[in-house]
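The values are calculated or read from the model by the stated rules, or taken from the named source; none is laboratory data. For clarity, every value in this text was computed on a predicted model and none was experimentally measured. With ideal geometry, Cβ positions are generated from the backbone for all residues, glycine too; neighbour counts draw on all protein chains shown.
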Amino acid sequence: MKKLKQFSKLVPCLTLLLLLGMYQPATVIGKSAEYQPEIQSLVDKVSIEKMYQHLEELCWADGHQSRVTFTPGNYKAVEYIEEYFNSLPGITEVVLDTFYLSMAITPYDQYPIINVIATKQGESQTPELIILGGHYDASGSRESNWATNWQTLKAQGADDNASGVAAMLETARIITDPENNFQNKHTIKFIAFAAEEYHPKIPGVHHAGSLYDAYAMYDQQQKLAAVIVLDMIAYNTIKDYVEVISNVKSLWLADLIYDYVDLYVSDLTTNSYPVNVPYSDHESYQIYGFPAILLMENDSPWNSDPPNYSRNPHYHTQSDTIGTLRASLLEKVTRLALASVADLCSQDQITYVADNRRSDYSEFSLPSIYPNPFNESTRIRFYVDVDTRVNITIYNMKGEKITTLSDQLYNYGSHEITWNSQNLASGLYFCVIQSHNFNHCIKITHIK
């Protein structure tokens, strides 16, 4: 872990707590999943051939062989995903949810960022909402010329994250096929997220598409019951293995995922209990207090995790191509995602309860600041799992305190604070967030 030298004397223990510790096994207070032959029938329809067709289309990207944000191949991916969703007869609505990033470097602040959203409306009179999603953009950030040549690099992103999108599209096909006669009580949204990856022209910002959608869910007070994100689910040279990644509020959902593995994909190996890392779009929903989990081949794919995983050498390089993928792993994780969505949608009511593992875990989910960089104001969002006092203070590069934004008791749930920079000079600042057992520092760039 890296120590922040500017604050080593000012704030003791200001090393970022990455919350990578695993949960200890405990008795779960919640509902266990039960085997349903109807769901097994759906799971058996997963076609690896159809998923490879999606992989080829997404990686080829109409000849551009790249889906990096702001490139032609990225927009071709949008067209392909939209057209495919529209070809599914059971889909209720397809929307290109378009927005712009004001913090992007000109002229890219005028380039559209597009989430592709397909909805299958629930049949219940009071349907809740379930999201299955994955980001469609790609990155070549581990190439030496990434910063200058991002427009022309052949960043096909087969594993990261054409694999997750292919699994989502295959799940959508089976769930919405009228011949399968699947009656979903709750509404399902299939979302291909934009701009998940860091980008040279959007400094300091990632997970943009999911943040945009999560904020909309929060602002509209949607009854969002569960979010499942698929990211990097097809590389492993050792075995068919996937990790379940969850925060405390989402543990009920993680426990159901383990049930679905046992019931429908018993030959898929998983971690014994969840870890919590913020590396993908699930974090955006967790920030707003929504239950969200991530399925990923390893919680840090750039590292090895023997005996289950050998690091992915193709991560964020031009060698992340279809030929490096493990078809059996992609098929099994897709079966798991399909079983999860189908079972959740068949429940009369999707409910969750806090379990007794809270004491093993920090009361914080990792906070987020958006936009960052910013001009006049920015929003600091965080979620606490227990009632706790939180101090939020801004420092400059010299370690001098600029202002204390908050120092008060916060109740269980999600919270948001706005920082108005007023007459501050452009430059780098630090937002330090502390509670009784949590210290976290986020760099903020102020641009006039």
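Tell me whether the range 191-211 contains one or more residues that are basic (Lys, Arg), on the phi < 0 side of the Ramachandran plot and not in a loop (DSSP other than H, G, I, E, B). Steps first, answer last, please.
First pass over the range 191-211, keeping only residues basic (Lys, Arg): 201.
Retained after the next criterion (residues that are on the phi < 0 side of the Ramachandran plot): 201.
In the following step, the residues that additionally are not in a loop (DSSP other than H, G, I, E, B) were identified as none.
The answer is no; no qualifying residue exists.
Test Asp62 against the criterion of being in contact with a Lys or Arg (Cβ under 7 Å, 6 or more places away or on another chain), modelled with pLDDT of 95 or more, among the charged types (D, E, K, R) and within 21 Å of Ala195 (Cβ to Cβ), and give yes or no. Working first, answer last.
Numbers: in contact with a Lys or Arg (Cβ under 7 Å, 6 or more places away or on another chain): yes; modelled with pLDDT of 95 or more: yes; among the charged types (D, E, K, R): yes; within 21 Å of Ala195 (Cβ to Cβ): yes.
It is true that Asp62 is in contact with a Lys or Arg (Cβ under 7 Å, 6 or more places away or on another chain), modelled with pLDDT of 95 or more, among the charged types (D, E, K, R) and within 21 Å of Ala195 (Cβ to Cβ).
For beta carbons closer than 6 Å, sequence separation of 6+ or different chains, a first residue in the range 78-101 that is under 14 Å from His54 (Cα atoms) and a second that is crowded, with 18+ Cβ neighbours inside 10 Å and not hydrophobic (A, V, I, L, M, F, W, C), the qualifying pairs are Tyr80/Glu57. Is it the case that Asn86 is assigned to a helix (DSSP H, G or I), assigned by TED's automatic domain parsing to the domain that holds Thr69, of a type in the set (S, T, N, Q) and surrounded by fewer than 21 Cβ atoms within 10 Å (Cβ to Cβ)? Against the criterion (assigned to a helix (DSSP H, G or I), assigned by TED's automatic domain parsing to the domain that holds Thr69, of a type in the set (S, T, N, Q) and surrounded by fewer than 21 Cβ atoms within 10 Å (Cβ to Cβ)), Asn86 qualifies.
For the range 391-427, the set of residues classified as under 27 Å from the mean Cα position of the chain (by Cα), under 18 Å from Glu376 (Cβ atoms) and surrounded by 14 or more Cβ atoms within 10 Å (Cβ to Cβ) consists of Glu416, Ile417, Trp419, listed by residue number.
Please work out if Ile91 is at pLDDT 95 or above, buried (at least 18 other Cβ atoms within 10 Å of the Cβ) and more than 22 Å from the chain's Cα centre (by Cα). When the stated conditions are applied, Ile91 passes them. Residues in the range 89-110 that are in contact with a Ser or Thr (Cβ under 9 Å, 6 or more places away or on another chain) and not in a loop (DSSP other than H, G, I, E, B): Glu93, Val94, Val95, Tyr108, Asp109. Is it the case, given these coordinates, that Tyr429 is in contact with a Gly (Cβ under 8 Å, 6 or more places away or on another chain) and in a strand (DSSP E or B)? Taking the combined requirement at face value, the residue does not satisfy it. Please tell me if Gln221 is under 13 Å from the mean Cα position of the chain (by Cα), outside any strand (DSSP E or B) and polar (S, T, N, Q). Considered against the rule, which asks whether it is under 13 Å from the mean Cα position of the chain (by Cα), outside any strand (DSSP E or B) and polar (S, T, N, Q), Gln221 comes out as no.
Here the range 333-379 is the region considered, the condition is being closer than 18 Å to Asn271 by Cα and outside any helix (DSSP H, G or I), and the residue that is modelled with the lowest pLDDT is Arg357.
Gly73 meets the stated requirement of being surrounded by 20 or more Cβ atoms within 10 Å (Cβ to Cβ), out of contact with any strand residue (DSSP E or B) (no Cβ under 7 Å at 6 or more places or on another chain), assigned by TED's automatic domain parsing to the domain that holds Asp213 and over 24 Å from Met296 (Cα atoms).
From the list Glu179, Glu170, the one residue that fits, being touching a residue at least 12 places away in the same chain (Cβ under 8 Å) and either touching a Cys at 6+ places or on another chain (Cβ under 7 Å) or assigned to a helix (DSSP H, G or I) (or both), is Glu170.
Among the residues of the range 236-273, just one is closer than 15 Å to Ile293 by Cα, among the aromatic types (Phe, Trp, Tyr) and outside any helix (DSSP H, G or I), namely Tyr273. Take the conditions (1) out of contact with any Ser or Thr (no Cβ under 8 Å at 6 or more places or on another chain); (2) at negative phi; (3) outside any loop (DSSP other than H, G, I, E, B); (4) charged (D, E, K, R); Asp62 misses just one of them, which is (2).
Against the definition (buried (at least 20 other Cβ atoms within 10 Å of the Cβ), modelled with pLDDT under 95 and of a type in the set (A, V, I, L, M)), how does Leu330 come out, yes or no?
Working: buried (at least 20 other Cβ atoms within 10 Å of the Cβ): yes; modelled with pLDDT under 95: no; of a type in the set (A, V, I, L, M): yes.
No, not satisfied.
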